[in-house]
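Novice: So that we are looking at the same thing, I have put the structure below in structure tokens.
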Amino acid sequence: MSRSPAKQILIVDDETSIIKILERRLKAEGYGVHVFEDAESGLRFLLECQPLPPPDLLILDIMLPRMDGYDLCRFIKSHERLKTLPVILLSARAQMKDERMGFESGADAYVRKPFETQELLRQIKDLL
């Protein structure tokens with residue numbers, strides 16, 4: 001009996017402490033994890049993973065250098081091969097207008113920093 005491959009999660013965030021927490025916890029939960037600290041690198045990874053399937057889920061910070069998370073999310077949701085990729089925006093921006101902009105950009109979930117790890121894991125499981 002063979003085990004099914006682990007679900008793959010892409011993290012795009014420029015905060016080292018957040019990356020370490022997420023990476024450690026997600027690996028402990030059995031997920032494969034890919035990490036990038038800027039939107040351009042994450043996007044390049046997504047576009048170059050052909051013919052392999054893209055990751056199963058993206059955890060995306062909003063405030064990133066050069067290209068922000070809203071723009072990356074909009075690009076993903078408009079790209080034919082990537083548009084079904086679930087996106088969780090993870091942000092310190094806590095105002096309702098920020099959350100609204102997140103959902104308008106195509107995000108499937110919006111989680112505010114600081115976040116409860118269990119809540120984020122629940123969101124991930126719901127989207128997978």
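None of the figures in this text is laboratory data; all of them are computed from the coordinates on show. These numbers come from a predicted model, not from an experiment. Positions of Cβ are generated from backbone atoms using ideal geometry, with glycine treated the same way; all protein chains shown enter the neighbour counts.
Novice: Express the relative contact order of the chain as a whole percentage, based on alpha carbon pairs under 8 Å and six or more residues apart in sequence.
Specialist: 21 percent.
Novice: Which of these, Ile18, Ile59, Ile76, has the largest mean-square fluctuation under a Gaussian network model of the chain (Cα springs below 10 Å)?
Specialist: Per the Cα network of the chain with a 10 Å cutoff, Ile18 tops the list.
Novice: How much length is gained on full extension from Leu128 to Ser41, taking 0.36 nm per residue of separation minus their Cα-Cα distance?
Specialist: 29.0 nm
Novice: Give the residue list of trypsin sites (Lys or Arg not before Pro) in the range 23-128 that are DSSP loop and have at most 13 other beta-carbon atoms within 10 angstrom. If you can, show how the numbers build up before the last one.
Specialist: On the way: sites: Arg24, Arg25, Lys27, Arg44, Arg66, Arg74, Lys77, Arg81, Lys83, Arg93, Lys97, Arg100, Arg112, Arg122, Lys125; in loops: Arg66, Arg81, Lys83, Arg93.
Loop-located and lightly packed - Arg66, Arg81, Lys83.
Novice: How big is the chain along each principal axis, measuring the range of its Cα positions in Å and listing the largest first?
Specialist: 49, 32, 25
Novice: Further question: Specify the longest stretch of the chain that does not include any exposed loop site, a site being one of the GluC sites (Glu not before Pro) with a non-H, G, I, E, B DSSP assignment and at most 11 other Cβ atoms within 10 Å.
Specialist: 1-79
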